[in-house]
1. What number of residues in the range 378-402 are open to solvent by less than 20 Å² (accessible area, probe 1.4 Å), out of contact with any Phe, Trp or Tyr (no Cβ under 7 Å at 6 or more places or on another chain), of a type in the set (A, V, I, L, M, F, W, C) and modelled with pLDDT under 85?
2. For the range 1-27, name all the residues that are under 49 Å from the mean Cα position of the chain (by Cα) and without any contact (Cβ under 8 Å) to a residue 60 or more places away in the chain.
3. Would you be able to tell me the number of residues in the range 28-44 that are part of a strand (DSSP E or B) and either closer than 30 Å to Gly125 by Cβ or free of Cβ contacts under 8 Å to residues at least 24 places away in the same chain (or both)?
4. Quick check on Gly406: is it among the small types (Gly, Ala, Ser), in a loop (DSSP other than H, G, I, E, B) and either surrounded by fewer than 18 Cβ atoms within 10 Å (Cβ to Cβ) or at pLDDT 85 or above (or both)?
5. From (1) acidic (Asp, Glu); (2) open to solvent by 80 Å² or more (accessible area, probe 1.4 Å); (3) at pLDDT 90 or above, pick out the condition that doesn't hold for Asp118.
6. Name the residue, out of Gly77, Gly125, Gly129, that is touching a residue at least 60 places away in the same chain (Cβ under 8 Å), open to solvent by less than 80 Å² (accessible area, probe 1.4 Å), more than 24 Å from Ile19 (Cα to Cα) and not polar (S, T, N, Q).
7. Quick one: Glu347 ticks every box in (1) open to solvent by 60 Å² or more (accessible area, probe 1.4 Å); (2) more than 18 Å from Gln225 (Cα to Cα); (3) modelled with pLDDT of 85 or more except a single one, so which number is it?
8. How many residues are open to solvent by 30 Å² or more (accessible area, probe 1.4 Å) and in contact (Cβ under 8 Å) with a residue 60 or more places away in the chain if we restrict to the range 497-507?
Amino acid sequence: MKLLELNLKNFGRFRNRKIELADGLNIISGENESGKSTLHTFIRSMLFGLRRQRGRASRSDAYSRYEPWEESAFYAGAVRFESGGKTFRLSRNFHKGQTSEELVCETDGECLFVENGDLDMLLGGVSAGIYDNTVSVGQLKSVTDDGLAAELKNYMANYQGSVDGALDLQAAEDRLKAKRKELEGRLQARRDAKETEKKELYGRLEYVRQECRTLEANLQTAEAQLKEEIFHREIPRQDVKKVLKESMEKSGRRWVRVIGISAAAAILVLLGVMRFLRVPSLLIRAGLAVSILVLLGLVVFELTRRKKTVLLEEPDEMSRTIQKLQWNVEYLQQEIQGKRTAAENLEQEYREYCLSCAEKDPLETDLEGVRLALETIGKLSADMEKRVGAALKRRMSEILARITDGKYLSVSLDQELNMGLHTKDYYVPLNQVSRGTMEQVYFALRMAATELLCAEEPLPVLLDEVFAMYDDRRLAGVLEWLAGQNRQVLIFTCQDREEKILQRRQIPYRKVTLP
């Protein structure tokens, strides 16, 4: 990618300012506060947008810092650049109330869409974080932040090192992690459901067992009551049954006796009336005497019978009580038998369910497969990190050796980008070197990371007052190295050191002077 023209329509202190850039080295020269950092920020804003933050952060964010001094509602710019052999024009309006962007291919007139990712594709998928930690170096910002370490780790995990260049381990790992999470959730849900069902089944079993125990206790009480009812009286059980039977047989004769007594009483009354009327007849007198005797006999018989009913009535009441108790005992026995059968069935069902719960869930097999795949990818990723990390350290060491005239031959670099330097004879931790050397080390790290992270589309390198701590010898080495990288470079400076060195070394460049 090459920047061809910058059109600052209204951005910061610039208004309707066009700046043309060339391939290779470009010197953006100007005194302090001439707008070099504004121009640097403008390029980033055109490529990645400029959004106003919220709350207190909005008071000092880039949006507010570079808001136009005049006509702030017209906060816009455009840039022409070359990518993939075609020329494009990107226009943006940054005003918070009416933001817009327009991307046009000037070569064939095609209208592209930033929101659909067309600009990201032209930038080679480089994010703003990668841009800030590689090709774009602001004032006093040679040291990278934690974002570069994260981006490098992500790149190492995503390293496309297969034969066809299509292997994306990070994407595969992300998908497998999502699948693992899904399977773990489903498996846990199944286990919870089984455990709930198991508890419910056991609860039903215990409930039936408790009912059975309650019925058995009630049966013992009923049997005890029955025995007490039978044996608390001094009447043998067979005599009670005999009396009950005789009572039933004799109950049918009661009406005969009642009718006989009633007839004798009627005859006696009739004879008494005839006697009262003085009917003279021996037959009547004899009948009267016989009727009186018969009536007396029947009365005596009935009194005797009623005396015996005391014995009959007591066993009859006792038989009803005993019969109710016997029915209760038989009912409880039947209920207990039914509950025992239900308990046995539930016990069998509970044992079978416990055995089924102990069986391996098919989801566990799937989960083991996903975990094995993740473990394999982890090993591959670790291997790729070693290879990519080794390549990064090797390239960084080459750049550092070149720009330090071979004083530092190699670099130690861990996963957190903690570094140390190796000379021919000794090792030096980074925190023990000079500020100028430290700047060079981070410059080498940025350039090595640029080759890894921005390989798909070579982006312009922007260096804003980066070489202030370099001596002339090392500055010359850096400029010569940059000139040989076949990459557009924009050097923002307030001095003429870079220009003089380029002229002495006869390195071509284009100069842009900011008034």
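1. Selection size over the range 378-402: 1.
2. Gly12
3. If we filter the range 28-44 for residues that are part of a strand (DSSP E or B), which is where we start, we get 28-29.
Cutting the leftovers down to either closer than 30 Å to Gly125 by Cβ or free of Cβ contacts under 8 Å to residues at least 24 places away in the same chain (or both) gives us 28.
Residues flagged as part of a strand (DSSP E or B) and either closer than 30 Å to Gly125 by Cβ or free of Cβ contacts under 8 Å to residues at least 24 places away in the same chain (or both) within the range 28-44 amount to 1.
4. yes
5. Exception for Asp118: condition (2).
6. Working: Gly77 fails: more than 24 Å from Ile19 (Cα to Cα); Gly129 fails: touching a residue at least 60 places away in the same chain (Cβ under 8 Å).
Criteria check complete, one pass: Gly125.
7. (1) is the only condition that Glu347 fails.
8. The first filter runs over the range 497-507 and keeps only residues open to solvent by 30 Å² or more (accessible area, probe 1.4 Å), leaving 497, 499-500, 503-506.
After this cut, where a residue has to be in contact (Cβ under 8 Å) with a residue 60 or more places away in the chain as well, the list is 499.
Of the residues in that region, 1 qualify.
The values are calculated or read from the model by the stated rules, or taken from the named source; none is laboratory data. No experiment lies behind these values; they were computed from the predicted model shown. Note that each Cβ is placed from the backbone with ideal geometry, even for glycine, and that neighbours are counted across all protein chains shown. When the accessible area is computed, the model is the full protein with side chains, heavy atoms only, and any ligands, DNA or RNA have been set aside. Shrake-Rupley method; radii C 1.70, N 1.55, O 1.52, S 1.80 Å.
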